[in-house]
Amino acid sequence: MGECIFCKIAAGEIPAKKCFEDDQVVAFHDIHPLRPTHLLVIPRKHIASLAHVGAEDEPVLGRMLAVAQKLAVEHGSDDGFRCIINTGRVGGQEVSHLHLHILGGPEPVGPMVTKI
Ligand code: AMP
Ligand code: ZN
């Protein structure tokens with residue numbers, strides 16, 4: 001997946017403000033944060049979207065959520081946070097590499113259908 005920007009971030013080929021990485025996932029700050037905390041968690045493996053996961057990907061999906069919980073706590077979201085996975089055209093997905101948004105900060109994030 002030579003042209004995938006998130007594969008390049010995972011590989012360290014283009015810069016990002018990373019806040020976590022292990023053998024399965026990488027997390028970094030969204031380049032255009034919409035809330036005081038706006039992080040992205042991605043699998044190292046190129047998976048185009050949540051609509052493209054297979055049974056073999058179930059462990060990494062769990063890891064993404066576990067890392068999201070850890071990072072939200074570390075970034076001060078004691079009072080809650082929101083996780084979103086935009087998927088495909090209808091879901092408003094712009095980057096075709098599966099990613100989980102973590103949104104948080106002191107104030108409520110807002111209506112669930114807000115484009116993020
Ligand atoms: P989505 O609409 O769910 O596909 O969101 C893609 C997100 O990736 C957007 O919030 C962008 O701001 C973010 N993004 C795009 N390029 C980069 C990058 N190079 N580093 C960090 N975040 C990025
Ligand atoms: Zn990719």
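The values are calculated or read from the model by the stated rules, or taken from the named source; none is laboratory data. A quick note: this is a predicted structure, and the numbers were derived from the prediction, not measured. Please note: Cβ atoms are built from the backbone with ideal geometry, for glycine as well, and neighbour counts cover all protein chains shown. These area figures cover heavy atoms from the full protein model, side chains too; ligands, DNA and RNA do not enter into them. Shrake-Rupley method; radii C 1.70, N 1.55, O 1.52, S 1.80 Å.
In the chain, helical runs assigned H by DSSP with n ≥ 4 each contribute -39500 (n - 2.57); averaged across all residues and rounded to the nearest 500, the mean residue ellipticity at 222 nm is -6500 deg cm²/dmol.
For the chain, the cysteines with no partner cysteine C-beta closer than 4.7 Å are CYS19, CYS83. Evaluating 6.51 cos²θ - 1.76 cosθ + 1.60 at θ = phi - 60° for every residue in the range 47-52, the Karplus couplings come out as 10, 5, 6, 5, 6, 10 Hz, glycine and proline recorded as x.
Could you check how much of the accessible area of the chain is carbon and sulfur, as a whole percent, using a 1.4 Å probe? Roughly 58 percent, rounded to a whole number.
For the chain, relative contact order (Cα pairs under 8 Å, six or more residues apart, normalised by length) works out to 29 percent.
Taking only the Cα atoms of the range 15-58, the radius of gyration and Dmax are 12.0, 34 Å. Note that the chain shows a convex hull volume over its alpha carbon atoms of 103 Å³ per residue. Computed from Cα atoms, the angle from the helix 58-74 axis to the main principal axis of the chain rounds to 30 degrees. Sorting the segments 59-67, 94-102 by their residues' average number of neighbouring beta-carbon atoms within 10 angstrom, most packed first, yields 94-102, 59-67. Along the range 14-26 the Karplus relation, 6.51 cos²θ - 1.76 cosθ + 1.60 evaluated at θ = phi - 60°, assigns HN-Hα couplings of 10, x, 7, 8, 6, 10, 6, 7, 9, 6, 9, 9, 9 Hz to successive residues, with x for each Gly and Pro.
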